[in-house]
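Peer 1: Please read through the structure below; I'll follow up with questions.
The values are calculated or read from the model by the stated rules, or taken from the named source; none is laboratory data. Predicted model only: the values in this text are computed from it and were never measured. Glycine also receives a Cβ, built like all others from the backbone with ideal geometry; neighbour counts cover every protein chain displayed. Areas reflect the complete protein model, heavy atoms only, side chains present, ligands, DNA and RNA absent. Shrake-Rupley method; radii C 1.70, N 1.55, O 1.52, S 1.80 Å.
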Amino acid sequence: MRFAEEFLLLLRAEDGTLSRAAEWLVRAGLGAAVLMDLALENRIDTDPDGLFLTDPAPTGDPLLDPMLAEIAQAETTHDALYWVDHATRHADEIRETALERLIGNGVLEMKDERYLWIFGTKRYFVLDEKVERELVQRIKTVLLSEVIPDPEDIVIITLADGCGLIAPLLSPDEAARAAPRLELVRMMDLIGRAFLNAMDVAVQPAAGKLDQN
């Protein structure tokens, strides 16, 4: 399962809506998810100064290859923050592709409650509870023990925490125990840090307006 798919599972509220985070956070998360998958597929790499193409060969995954092609065609090297911001422009396509895959694989079912295709909403309900349960357990195991996290665990925890999706998974006592561990995990991935920086940049204008009131 790709990170965008896992991210959407964590985003799903009890009423079936994908509403556990603000839309601008979701768009940044979906873009970063694709970049992180490309990194784990050894197509891109990062250092503090830039994000680099290491292999232009398509992965064969329609969720990843459009972004890979754009990176391959870029005439200038940009840092990870630039590409996280750029990837948000494709958030709608990423979301739809990931949801179609979750539905096609029998993980979710969609109920379209829209009227005249405008009013109402789409709701997504879990068909395969094992997939969701195992995802949550992976996250809790990393945060509540000293186990060495896999790269996949680091990525999904970074994405989830950046969008406020970790707290609903933990009791207050667990959240207090997990806090130091969570801070450590958040700093383990360069693209993950770029994602967190992108959120900070996005929130600054709003914070500035609040300060003026």
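Peer 1: Looking at segment 33-55, which of its residues are among the polar types (S, T, N, Q) and over 20 Å from the mean Cα position of the chain (by Cα)?
Peer 2: Within segment 33-55, 54 is the sole residue that qualifies.
Peer 1: Same structure again: Looking only at segment 98-114, filter to residues that are touching a residue at least 60 places away in the same chain (Cβ under 8 Å) and assigned to a helix (DSSP H, G or I); which one of those is nearest to the chain's Cα centre (by Cα)?
Peer 2: Result: 98.
Peer 1: I'm trying to understand the selection: among the residues of segment 142-170, which are of a type outside the set (A, V, I, L, M, F, W, C) and touching a residue at least 12 places away in the same chain (Cβ under 8 Å)?
Peer 2: Listed by number, the residues that qualify are 149, 151, 152, 153, 158, 161, 162, 164, 168.
Peer 1: Please list, ordered by residue number, the helices (runs of 4 or more DSSP H) wholly in segment 121-213 having 2 or more residues that are modelled with pLDDT of 90 or more.
Peer 2: Output list reads 129-143, 151-162, 172-186.
Peer 1: Could you pull out the residue among 55, 49, 61 that is among the acidic types (Asp, Glu), on the phi < 0 side of the Ramachandran plot and at pLDDT below 90?
Peer 2: Unique residue meeting the criteria: 49.
Peer 1: Any residue in segment 57-78 that's polar (S, T, N, Q): show its pairings with residues that are open to solvent by less than 80 Å² (accessible area, probe 1.4 Å) and part of a helix (DSSP H, G or I) at Cβ separation under 6 Å, as long as the two are six or more apart or on different chains.
Peer 2: 59/65
Peer 1: Name the single residue that is farthest from residue 58 (Cα to Cα) among those in segment 1-22 being charged (D, E, K, R) and within 12 Å of the chain's Cα centre (by Cα).
Peer 2: 6
Peer 1: Then there's this: Being surrounded by 22 or more Cβ atoms within 10 Å (Cβ to Cβ) and touching a strand residue (DSSP E or B) at 6+ places or on another chain (Cβ under 7 Å) is the requirement here; does residue 102 meet it?
Peer 2: Criteria met by residue 102.
Peer 1: As an exercise: evaluate residue 118 against (1) of a type in the set (A, V, I, L, M, F, W, C); (2) open to solvent by 80 Å² or more (accessible area, probe 1.4 Å); (3) modelled with pLDDT of 90 or more and give the number of the one condition it does not meet.
Peer 2: Failed condition: (3).
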